[in-house]
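Participant: Sharing a structure below in structure tokens format, with a few things to ask.
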Amino acid sequence: MRNRFSHPLLILLQAALLTGAGCSTFDPGQAREEQTRRFRETLDGQARELLARPLSLDDCIRIAMTNNYAVRQADLDTAIQRIAKNVAFTAFLPNVSLSAAYNNHHQPPNAMSERRYGQASLDAGVPIFMPSAWFLYAATRHGYRAAELAANHVRQGIVLETSQAYYQVLVLQETVAALETQFGAAYETAERIEGLAREGFFTAWERDQARLQAEVRQTELDTARRRLGIARADLLVTLGLAPIPAADTDYTLRLSGDTGEPWRPEGSTADLVLKALEGHPLLSIADRRVVMQEHAVRRAFTAFLPVLNLTAASTWTGNELADHASNWMTAFGGTWQVFSGLANLARYKAAKVERRQSELERESTFLNIMAQIIAAEAAVRDAVEAARINQRAYEVAAAKFADYDAKSREGLLPLSEALDVRAAMDLAQVALVRSRYQERIALASLELAMGVTSIPGKPL
């Protein structure tokens, strides 16, 4: 009796121990703390290596191409589609299964069978005619290619996102530098006016106006510094790095300011549209989806066709009372679903509707690309003109302030007018700084709208 039940009891005991161990070892708090620690160590290690020197725009783009989470997720989506394609291909391969068993009957089931015996079988089958597998594999091949195109387009989007974040940091760095100069000048003016006001050369409200202007510049400077911190954090997240370093690290994001020569379009707006429509990634993806839906229609039609299979099997038994200890069997068979409640017909009609849906989506994408290029090209022109106007406005404001300041010092103009002109010049300077990189951002947006954004290491 002990020999009969010891083995099953041992198996049950081991299963219970494994199940109990799996339920009792997970501590949510400890798991969260451990993951946080390991992830921060990984981020800090990456930051020490990647932020060891000032980064150019190309450096940031190359880091983002390998470290950005949207890029990595797109690569995983592509890998999933590749696996799906390989799984679909397995429908053309034979299915082989091996089974074995040991039977122990309390009483012999019949006179031609022993009470204890072992048996095994080897079965193999391969489809000879199964059209649905052909079209499924064809659709998954296009799905895999569409996923590759989508991942490439994600990378193009990350190039634009990185460029925008990089330029934003540069804009705010220059804005902070300009505001620091403005605050220094405003503070110096306020100190000078306060001294002269004590001697009776200026009134109390003129002194207060000078103080207010210095306070306004201080507030604008503090706000710009906070925005610069936010912009740096956004750029670091785009690069896949931690926006806040650990307490025991001393790395910081430094930019060299090297942005390289910008891409510039050639030709009219119509020429840009025609060039984009030749091979835009979104249109290529839409083309693949239309083809996939065409294969889906064909696959739905195959439900009306028979399926033919070839099978073979080998069996073995240890039952000495059986007529044959081993045997071979081959078979050729087929199935044909004659009637399924019109479900196959409904699926076929639905597949045709979905194909038309994909065609409409492609046409909509076509029109949207045209509209986006028109808008992006107009934004480039607007940015160029805005930079020119802001440059001219600052030059005029600076000349006007120099004149008003000189006349104010000579007593020919009220101090309030000179302070108002100084405030206008400061605003013109900040507007000039902000518009300096708008053309670069607009050009990068136009490049993405046309689908020609270059990716490091990959041809267009």
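Participant: Which residue pairs have Cβ atoms under 8 Å apart, sit 6 or more places apart or on different chains, and have a first residue in segment 233-245 that is in a loop (DSSP other than H, G, I, E, B) and a second that is acidic (Asp, Glu)?
Facilitator: Ala242/Asp44; Pro243/Asp234; Pro245/Asp44
Participant: Another one. So in segment 338-363, with the set limited to residues that are of a type outside the set (Asp, Glu) and in contact with a helix residue (DSSP H, G or I) (Cβ under 7 Å, 6 or more places away or on another chain), which one is farthest from Arg289 (Cα to Cα)?
Facilitator: Asn344
Participant: Shifting gears a bit: Condition first: part of a strand (DSSP E or B) and either loosely packed, with under 14 Cβ neighbours inside 10 Å or aromatic (Phe, Trp, Tyr) (or both). Now tell me which residues in segment 297-333 satisfy that.
Facilitator: Trp316, Ser326, Asn327, Trp328, Met329, Thr330, Ala331, Phe332, Gly333
Participant: Yes or no: Ala79 at negative phi, among the small types (Gly, Ala, Ser), touching a Phe, Trp or Tyr at 6+ places or on another chain (Cβ under 7 Å) and not in a strand (DSSP E or B)?
Facilitator: Numbers: at negative phi: yes; among the small types (Gly, Ala, Ser): yes; touching a Phe, Trp or Tyr at 6+ places or on another chain (Cβ under 7 Å): no; not in a strand (DSSP E or B): yes.
Taking the combined requirement at face value, the residue does not satisfy it.
Participant: Select from segment 432-446 the residues that are surrounded by 19 or more Cβ atoms within 10 Å (Cβ to Cβ) and either at pLDDT below 80 or in a helix (DSSP H, G or I) (or both) and list them in ascending order.
Facilitator: Result: Leu432, Val433, Ser435, Gln438, Glu439, Arg440, Ile441, Ala442, Leu443, Ala444, Ser445, Leu446.
Participant: Also, quick follow-up: If Ile128 meets every condition in (1) aliphatic (A, V, I, L, M); (2) surrounded by fewer than 21 Cβ atoms within 10 Å (Cβ to Cβ); (3) closer than 18 Å to Ser284 by Cβ apart from one, which number is that one?
Facilitator: Going through (1) aliphatic (A, V, I, L, M); (2) surrounded by fewer than 21 Cβ atoms within 10 Å (Cβ to Cβ); (3) closer than 18 Å to Ser284 by Cβ one by one, Ile128 breaks only (3).
Participant: Can you name the residue in segment 334-348 that is without any contact (Cβ under 8 Å) to a residue 24 or more places away in the chain and surrounded by fewer than 11 Cβ atoms within 10 Å (Cβ to Cβ) and is also nearest to Asp287 (Cα to Cα) among such residues?
Facilitator: Looking at the filtered set, the residue picked out is Leu342.
Participant: Please specify each residue of segment 159-217 satisfying the condition of being in contact with a Pro (Cβ under 9 Å, 6 or more places away or on another chain) and more than 29 Å from Ile230 (Cα to Cα).
Facilitator: The answer is Glu206, and nothing else.
Participant: Report yes if some residue within segment 405-421 is in contact (Cβ under 8 Å) with a residue 40 or more places away in the chain, surrounded by 21 or more Cβ atoms within 10 Å (Cβ to Cβ), over 18 Å from Ala387 (Cα atoms) and in contact with a Pro (Cβ under 6 Å, 6 or more places away or on another chain); otherwise report no.
Facilitator: No, there is no match, as no residue in segment 405-421 is in contact (Cβ under 8 Å) with a residue 40 or more places away in the chain, surrounded by 21 or more Cβ atoms within 10 Å (Cβ to Cβ), over 18 Å from Ala387 (Cα atoms) and in contact with a Pro (Cβ under 6 Å, 6 or more places away or on another chain).
The values are calculated or read from the model by the stated rules, or taken from the named source; none is laboratory data. Keep in mind that this is a model prediction, so the values were computed, not measured. Ideal geometry is used to build each Cβ from the backbone, glycine not excepted, and the neighbour counts take in all protein chains shown.
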